[in-house]
Amino acid sequence: MIFDHSVNLSLTRYCLSDKMLRNDMKAKIKYFLFFCLTSLVLVPLVMPDSSFALQVISGDQISITEPIQDEVMVFGETVYIDAPVKGAIVFANNIFVNAPIEGDLFATGGQVAVNNDVLGKIVAAGNMIEVGGKSTNAILAANSIYFDPTSVIFRDAYVASGSVNNAGMISGKLVAMTDNFQNNGSVGDLQITRQESMMPDMQGWLDLFGILFVIGFGILGVILVKLLPNQFNSVRMAMKKSVIKNTVVGFLLIILFVIMIVLLALTVVGMPMSAFGLLILLVGLIMSSLMVSFALGKKILDLMGRQSTRDINNIISFIIGFAILNLLYIVPIPYFGQIVQVIVISMGFGAIYYAVRTSRSPATEGKMIT
């Protein structure tokens, strides 16, 4: 068995097909399901279980041809599991399970084909999923799902897909969220929910989530303005010097950060630095919007003749700017909100860069004089 640590970052290119993106709401639901399933995949990695053993395998073409008595995590373009393993977590464009798995199978890819027994549960997300052999439970999300005639699910199956075709045997419940269902096999208890009928309820939950997210983001901004008034003012002063320059520089810096993070992630040695760079980038993107909200609110209060550095005025400035920006984000003009968000984040990112550089310049010059 070959252990190749060159990480392939293209493995999610086909996880969701173009057909899934034709309907925005359906795409949101499936992205949500995809996120949930991926979260389930990561749960074993953070469980404080001393008995948990895991072998990591990565490369382009992966073929497991010898039995492995541990769980395996596999990254690749195409992955073949041709020998028994204790459990498997697989991220790849094409996944073929041709040997029995003693425990659970977690798989995310473009095409997932389970051609042998999985004694535990199957949790999979992708474009096309085909299930054969025996398994205890199945939780699947894909554009197309097929249970072939050799498949046996001893308990329950929960699926979300554009089309579901069952030709096997499901002893327990089959709960399917789909608009296209065919049943040529046997099901103990069939429950079908049309995706179209769930759209209004799902839209309501998504809207509620969005509102709560904005409120939480605003509360975070108020706390940071209270704790870091000098830093917010420094960025505001840097922003006043050249709005266009800050925006252009910030946009280019964000692109540069992304490129560096991807390049570092291509090597095992660079992965820790890539993770740290990603953390810095996320913090910068979050702070950018909050900084611009503060600067915009301050500008409005200045025009009204209320110039003060008191905490209450700083908080009021932030709330005013934050409310205005979020109203601009939801203006019912195609792509207007997205364009405003890109400009705001780029402007804030560039201003933060110049503020940090300016704050470090005197210290640097003092060291050179000494």
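The values are calculated or read from the model by the stated rules, or taken from the named source; none is laboratory data. Since the model is a prediction, treat every value here as computed from it, not as a measurement. FYI the Cβ positions are ideal-geometry reconstructions off the backbone, even for glycines, and counts take in every protein chain you see.
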Condition check for S135: within 24 Å of V187 (Cα to Cα), among the hydroxyl-bearing types (S, T, Y), within 26 Å of the chain's Cα centre (by Cα) and in the same structural domain as V175 (by TED's automatic domain parsing) = no
How about the stretch 176-197: which of its residues are of a type in the set (D, E) and either part of a strand (DSSP E or B) or at pLDDT 90 or above (or both)?
-> D189
Read through the list (1) in contact with an Asp or Glu (Cβ under 7 Å, 6 or more places away or on another chain); (2) within 20 Å of L105 (Cα to Cα), then give the number of the only condition that A167 fails.
-> (2)
Got a number for residues in the stretch 54-75 being at pLDDT below 85, closer than 18 Å to G109 by Cβ and surrounded by fewer than 16 Cβ atoms within 10 Å (Cβ to Cβ)?
-> 2
T267 being hydroxyl-bearing (S, T, Y) and in a loop (DSSP other than H, G, I, E, B) | yes
Options I320, I286; residue that is of a type in the set (V, I, T), crowded, with 16+ Cβ neighbours inside 10 Å, over 17 Å from G350 (Cβ atoms) and touching a Leu at 6+ places or on another chain (Cβ under 9 Å) | I320
Just one of the numbered conditions (1) exposed (fewer than 12 other Cβ atoms within 10 Å of the Cβ); (2) farther than 20 Å from A323 by Cα is not true of M304; which one?
-> (2)
Test V222 against the stated conditions and say whether it is over 22 Å from the mean Cα position of the chain (by Cα) and modelled with pLDDT under 85.
-> no
Every residue from the stretch 85-111 that is touching a Gly at 6+ places or on another chain (Cβ under 8 Å), more than 15 Å from S58 (Cα to Cα) and modelled with pLDDT under 95 | K86, G87, E102, G103, D104, L105, G110, Q111
Could you tell me whether the stretch 290-311 includes any residue that is under 25 Å from the mean Cα position of the chain (by Cα), of a type in the set (A, V, I, L, M) and at pLDDT below 90?
-> no
